[in-house]
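Enquirer: Can you read through this structure? Questions will come right after.
The values are calculated or read from the model by the stated rules, or taken from the named source; none is laboratory data. Nothing here was measured: the structure is a model prediction, and the numbers come from that model. Cβ coordinates were reconstructed from backbone atoms using ideal geometry, including for glycine residues, and neighbour counts include every protein chain displayed.
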Amino acid sequence: MREQPQLGSMIKGQVFDGFLLVRQAQQRTSSNGGKYLDMTLCDISGEVNAKMWDGLTAPPAAAQVIRLRGMMLEYNGRPQLRVDKMRPSVESDDVDMSALAPCAPRPASEMLDEILNRVDAFADHELKDLVLMRLEECGDKLSYYPAASKLHHAERAGLLHHTSTMLRGAAAICEIYPNLDADLLAAGVILHDLCKITEMEADQIGVVSDYTAQGMLIGHLVQGVAELDRCGRKLKVRPELLMMLEHMILSHHDLPEYGSPKPPMFPEAEVLHVLDLLDARMFEMQRELKNAPPGGFTERIWSLERKLYRRKERAEAN
């Protein structure tokens with residue numbers, strides 16, 4: 001996708017010619033009876049209200065990428081984009097989604113293949129069948145769902161990003177601690193956050209609009225245990241294996257104040273918790289440090305309860 005101005009830096013009178021994402025769009029009626037489109041459009045830098053005064057154009061669907069030409073204006077002291085022409089994007093446009101919304105750094109299909117290949121390597125067929133059943137039930141949502149609404153991995157395919165990164169960490173830790181059951185740990189990594197897809201309402205861009213009733217009243221830990229128990233009983237998985245996996249899901253937040261009624265009570269459950277915390281914090285730290293000057297500090301990050309220091313450029317290796 002060729003360079004285009006970012007919404008967050010545009011000024012009044014500047015022409016926009018490029019691609020944007022549709023947050024919402026409705027056809028409305030003006031005071032003189034004419035039809036117009038009222039839209040919220042966005043890119044990675046922010047969002048803007050947009051108007052198209054052509055009453056014949058149908059409103060584009062939410063989460064659709066559109067190509068448009070228009071001009072940045074101002075209404076009641078706020079930026080407003082006047083859209084003169086627009087059309088849906090097509091495959092040949094080769095749109096860079098990462099310029100329009102936060103996206104995982106790897107293709108969703110690549111990350112999902114990595115996860116499925118790890119499951120295929122499980123020696124325990126009951127474990128393999130159980131994890132595959134849960135993945136299949138999640139369906140296409142895995143290709144775009146974020147892992148959170150605002151914090152770690154709040155991006156398109158963020159759930160796969162979080163899971164695949166943790167799988168790599170689990171493999172490395174199992175080399176250092178060979179007493180761990182590598183397949184059990186990998187299964188816990190894959191299963192632990194799957195019910196994020198029922199906890200949150202997210203569009204195909206990976207943006208969360210709200211939490212579901214299930215998410216508010218039950219949460220992904222308890223719902224994850226319930227869904228796994230249902231599948232385990234259907235597949236007649238041996239009770240101890242099912243119980244250990246359920247405990248791993250239930251305990252991966254470690255403390256009651258973070259949602260876990262039980263702390264991790266065997267090694268694989270403890271490692272799952274540590275990997276989850278580590279990956280979440282590394283993601284948040286990397287994101288925040290991008291905005292800090294070298295040799296300076298970030299603003300205080302409420303989720304980490306601290307500021308972060310960004311080191312000056314590393315010395316080149318000889």
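Enquirer: Write out, first by first residue and then by second, each pair whose Cβ atoms fall under 9 Å of each other, whose residues are 6+ apart or on separate chains, and whose first residue, in the stretch 47-58, is of a type outside the set (D, E, K, R) while the second is at pLDDT below 90 and part of a strand (DSSP E or B).
Expert: Val48/Cys42; Val48/Arg78; Asn49/Arg78
Enquirer: Quick one: how many residues across the stretch 75-94 are of a type outside the set (D, E, K, R) and surrounded by 14 or more Cβ atoms within 10 Å (Cβ to Cβ)?
Expert: Applying the first criterion (of a type outside the set (D, E, K, R)) to the stretch 75-94 yields 75-77, 79-81, 83, 86, 88-90, 92.
Checking which are surrounded by 14 or more Cβ atoms within 10 Å (Cβ to Cβ) leaves us with 79-81, 83, 86, 89.
Of the residues in the stretch 75-94, 6 are of a type outside the set (D, E, K, R) and surrounded by 14 or more Cβ atoms within 10 Å (Cβ to Cβ).
Enquirer: Look at Leu159 and say whether it is within 15 Å of Gln204 (Cβ to Cβ), in contact with an Asp or Glu (Cβ under 7 Å, 6 or more places away or on another chain) and not hydroxyl-bearing (Ser, Thr, Tyr).
Expert: In short, yes.
Enquirer: Quick check on the stretch 37-60: of everything there that is touching a Lys or Arg at 6+ places or on another chain (Cβ under 7 Å) and under 16 Å from Val207 (Cβ atoms), which residue is surrounded by the most Cβ atoms within 10 Å (Cβ to Cβ)?
Expert: Leu41
Enquirer: Keeping to the stretch 301-318, report how many residues are at pLDDT 90 or above and either among the hydroxyl-bearing types (Ser, Thr, Tyr) or assigned to a loop (DSSP other than H, G, I, E, B) (or both). Let's see the steps before the verdict.
Expert: Within the stretch 301-318, the first condition is being at pLDDT 90 or above, and the residues that meet it are 306-311.
Filter again for either among the hydroxyl-bearing types (Ser, Thr, Tyr) or assigned to a loop (DSSP other than H, G, I, E, B) (or both), leaving 307-311.
So the count comes out to 5.
Enquirer: Of these, Val65, Val95, Val83, Val90, which one is aliphatic (A, V, I, L, M) and free of Cβ contacts under 8 Å to residues at least 24 places away in the same chain? Write out each step before concluding.
Expert: Working: Val65 fails: free of Cβ contacts under 8 Å to residues at least 24 places away in the same chain; Val95 fails: free of Cβ contacts under 8 Å to residues at least 24 places away in the same chain; Val83 fails: free of Cβ contacts under 8 Å to residues at least 24 places away in the same chain.
Val90 is the lone residue from the list that is aliphatic (A, V, I, L, M) and free of Cβ contacts under 8 Å to residues at least 24 places away in the same chain.
Enquirer: Here's another thing I want to ask about it. In the stretch 151-170, what residues are free of Cβ contacts under 8 Å to residues at least 40 places away in the same chain and surrounded by fewer than 22 Cβ atoms within 10 Å (Cβ to Cβ)? Can you show your working first?
Expert: Our first condition is that a residue be free of Cβ contacts under 8 Å to residues at least 40 places away in the same chain; within the stretch 151-170, this holds for 159, 168.
Matches in the stretch 151-170: Arg168 only.
Condition check ((1) surrounded by 12 or more Cβ atoms within 10 Å (Cβ to Cβ); (2) in contact (Cβ under 8 Å) with a residue 40 or more places away in the chain; (3) over 30 Å from Ala99 (Cα atoms)) across all residues:
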| position | (1), (2), (3) |
| --- | --- |
| Thr212 | yes, no, no |
| Ile249 | yes, yes, yes |
| His252 | yes, yes, yes |
| Pro267 | yes, yes, yes |
| Arg281 | yes, yes, no |
| Lys290 | no, no, no |
| Ser303 | yes, yes, no |
| Glu313 | no, no, no |
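Enquirer: Considering only the stretch 61-70, state which residues are buried (at least 16 other Cβ atoms within 10 Å of the Cβ) and at pLDDT 90 or above.
Expert: If the condition is that a residue be buried (at least 16 other Cβ atoms within 10 Å of the Cβ) and at pLDDT 90 or above, then Val65, Ile66, Arg67, Leu68, Gly70 are the ones that fit.
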